[in-house]
Amino acid sequence: MSVKLTIYPDECDAFGHLNQASYLALFERARWELLARGPGMDVFERAEVWPAVRRATIDYHAGVWPGDVLDFSTELVSRGRTSFTLRQRAVRDRDARLAATLETVFVCIDAEERPVPIPDAVLAALAAEPRRTPLPSGVTLAWDEAGQGGQVVVLLHGYPFDRSMWRDQLLGIHGHRLIALDMRGFGASDRGEGPLGVGDYADDVAALLDALAVQRAVVVGLSMGGYVALAFAERHRERLAGLVLMDTKATPDDEAGRKGRDDAIAAITTDGTTKPVAAMLEKLFAAETPAEVRERVLAMMQRATPTAMIAALGAMRDRPDRTDLLPQLAEIPALVLVGNEDRLTPPDANRFIAETLPGADFVLVEGAGHLPAMERPATVNEALQAFLDRVV
Ligand code: MLT
């Protein structure tokens, strides 16, 4: 999630531009803002551990002037037992130029200033290490969690992505317990054995909810995650508190689509994932999607293993038509979102879902392609937050 801060004249120096001494304060403010929007500013206090800065390295790349808006992003780049390193980037909003980067090494200390292990709650907040839950099927699923109260919200990623695609939602949605999981084989979840259907991924969601003693949840699925969410609606309807479908389809693959899946399976089997990933990458984004988001998505796709991708391709190829299911979900609050520049699961396919799913709201996300949750997180979070707040 990004934090945008406007530069004031009193942060600038005699030459008129943002003074290097002001940068540290702005980076710090962006970090606190992230905590405030995510796990709460008191996440360290609650664990009785304090993050002491051991080293801060800053690089300046472009000038910034009063009235400029800087877009700050923060990522965890490494962690040890007691220390962790955050990398922050400040990008000029008006022309997307990188203005400065800051790398900060923190050591967790207790009240006596002794180094202590990074608390679990902090790690979860930083989304460094997922939680892991073994399911009765023998497969262990990895998942991240943020927030509390309100609804339990399960976030299901698309193909070939992982739970990290929901980072901005975990940081930016409040008052609900969000669970972003890696579907079988993706991210840090086990692949298990044998071929998979979308119903298997849906049953994993139900088994994870069982393990967490959660009876009902709002299920949010993007693209393949949407196919799985619809399978969940079919198989576990009594557990569905709400349904959010993003950039997905209710209809099955046609013959050409199924052949495309078989060709991709053959290509991955013989040559690995590079070419199918490159081919998909070309179609994913809106014209205006920033380079930083494109890089994150590419890195995520490069992490996907051939076995996970092959299993998912088979599951998507064989998924059934869910058109007839939609009218039967009349009692389930529903929201459908799609990027207006989505070329893989175009707006019309999603408008069709919204028109067939009784009472569903429809949001067309301007300036987004297939991944609005990453490309336009502020718009998606606003729509999701409003939806979740009114689901009872
Ligand atoms: C996805 O993002 O999950 C895929 O584009 C879905 C698909 O290939 O049908």
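The values are calculated or read from the model by the stated rules, or taken from the named source; none is laboratory data. These figures come from a predicted structure and were not determined experimentally. When we count neighbours, we look across all protein chains shown, and the Cβ atoms used for this are built from the backbone with ideal geometry, even at glycine. Side chains included, ligands, DNA and RNA excluded: accessible areas come from the protein's heavy atoms. Shrake-Rupley method; radii C 1.70, N 1.55, O 1.52, S 1.80 Å.
Hey, what do the phi angles of segment 21-28 turn into as Karplus ³J(HN,Hα) couplings, whole Hz, using 6.51/-1.76/1.60 and θ = phi - 60°, x for Gly and Pro?
5, 6, 4, 4, 5, 5, 4, 5
Starting from the amide H of residue 159, placed 1.01 Å from N in the peptide plane, find each other amide H under 5 Å away whose residue is 5 or more places distant or on another chain.
224, 225
Short version: ³J(HN,Hα) in whole Hz for each residue of segment 183-192, in order, from phi by Karplus 6.51 cos²θ - 1.76 cosθ + 1.60 (θ = phi - 60°), x for Gly and Pro, what are they?
With the stated coefficients, segment 183-192 comes to 5, 2, x, 9, x, 9, 8, 5, 7, x Hz.
For the chain, with a Gaussian network of springs between Cα atoms less than 10 Å apart, report the residue from 33, 282, 295 with the top mean-square fluctuation.
Evaluated over the chain, the most mobile residue of the options is 282.
Of the candidates 194, 226, 150, which one comes out as most mobile in a Gaussian network treatment of the chain with C-alpha springs shorter than 10 Å?
194
For segment 2-123, with only Lys/Arg (+1) and Asp/Glu (-1) charged at the beta-carbon, what is the dipole magnitude about the Cα centre, in debye rounded to 20?
380 debye
Non-local amide H neighbours of residue 116 (under 5 Å, H modeled in plane, Pro and chain starts lacking H): which ones?
Residues meeting the amide H criterion: 108, 109, 110.
Which one, 279, 293, 325, projects farthest toward the positive side of the charge dipole computed for segment 130-390 from Cβ point charges (K/R +1, D/E -1)?
293
Under 17 Å between alpha carbons, and skipping anything fewer than 8 positions from residue 4 in its own chain: which aspartates and glutamates qualify?
28, 33, 68, 71, 75, 93, 95, 168, 292, 375, 382
Quick check: at a probe of 1.4 Å, how many percent of the accessible area of segment 2-123 sits on carbon and sulfur atoms?
Here it works out to 51 percent.
Sort out for me the Cα centre separation of segment 220-269 from segment 85-103, rounded to whole Å.
Measuring centre to centre over Cα atoms gives 36 Å.
When N counts the residues of segment 130-390, how does its alpha-carbon radius of gyration compare numerically with 2.2 N^0.38 Å, as a ratio?
Here the answer is 0.91, to two decimals.
Counting helices only, and only those DSSP H runs with n ≥ 4, report the 222 nm mean residue ellipticity of the chain as the sum of -39,500 (n - 2.57) divided by its residues, in deg cm²/dmol to the nearest 500.
After summing the helix terms and dividing by the residues of the chain, the value is -10500 deg cm²/dmol.
Mind pulling the angle between the C-alpha long axis of helix 306-317 and the longest principal axis of the chain? Nearest 10 degrees, somewhere in 0 to 90.
50 degrees
Just the number please: accessible area per residue for the chain, 1.4 Å probe, all protein chains included, in Å².
Spelled out: the 1.4 Å probe surface of the chain, per residue, equals 43 Å².
Once all Cα-Cα distances of segment 144-263 are split into 10 Å bins that start at 0, what whole-number percent is in each one?
13, 47, 32, 7, 1
Run the reach check for residue 275 against aspartates and glutamates, Cα to Cα strictly under 12 Å, same-chain hits fewer than 8 apart removed. What comes back?
Hits, sequence-local ones excluded: 263.
Go ahead and run the numbers for FRET between residue 28 and residue 392, Cβ-Cβ distance against an R0 of 56 Å, rounding to 0.05.
0.90
State the answer as a single residue: which of 186, 344, 122 lies farthest towards the positive end of the charge dipole of the chain, with beta carbon charges of +1 for Lys and Arg and -1 for Asp and Glu, about the Cα centre.
It is 186.
Step through the residues of segment 213-220 one at a time and calculate ³J(HN,Hα) from phi using the Karplus curve (6.51 cos²θ - 1.76 cosθ + 1.60, θ = phi - 60°), rounding each to whole Hz and writing x for Gly and Pro.
Whole-Hz 3J(HN,Hα) from phi for segment 213-220: 6, 9, 7, 10, 8, 7, 10, 10.
What angle do you read, to the nearest 10 degrees and between 0 and 90, between the alpha-carbon axis of helix 291-303 and the longest principal axis of the chain?
Approximately 50 degrees, to the nearest ten.
Long-range amide H contacts for residue 339: which residues qualify at under 5 Å (H placed 1.01 Å from N, peptide plane, sequence gap of 5 or more or a different chain)?
Long-range HN contacts for residue 339: 247, 365.
Report, ordered by chain and residue number, the lysines lying within cross-link reach of residue 249, taken as a straight Cα distance under 21 Å and ignoring same-chain residues fewer than 8 apart.
259, 283
Enter the angle in degrees (range 0 to 90, nearest 10) between the Cα long axis of helix 224-235 and the first principal axis of the Cα atoms of the chain, meaning the one along which they spread out most.
Once rounded, the angle reads 50 degrees.
If you put +1 on each Lys and Arg Cβ and -1 on each Asp and Glu Cβ, how big is the dipole of the chain around its Cα centre, in Debye rounded to 20?
480 debye
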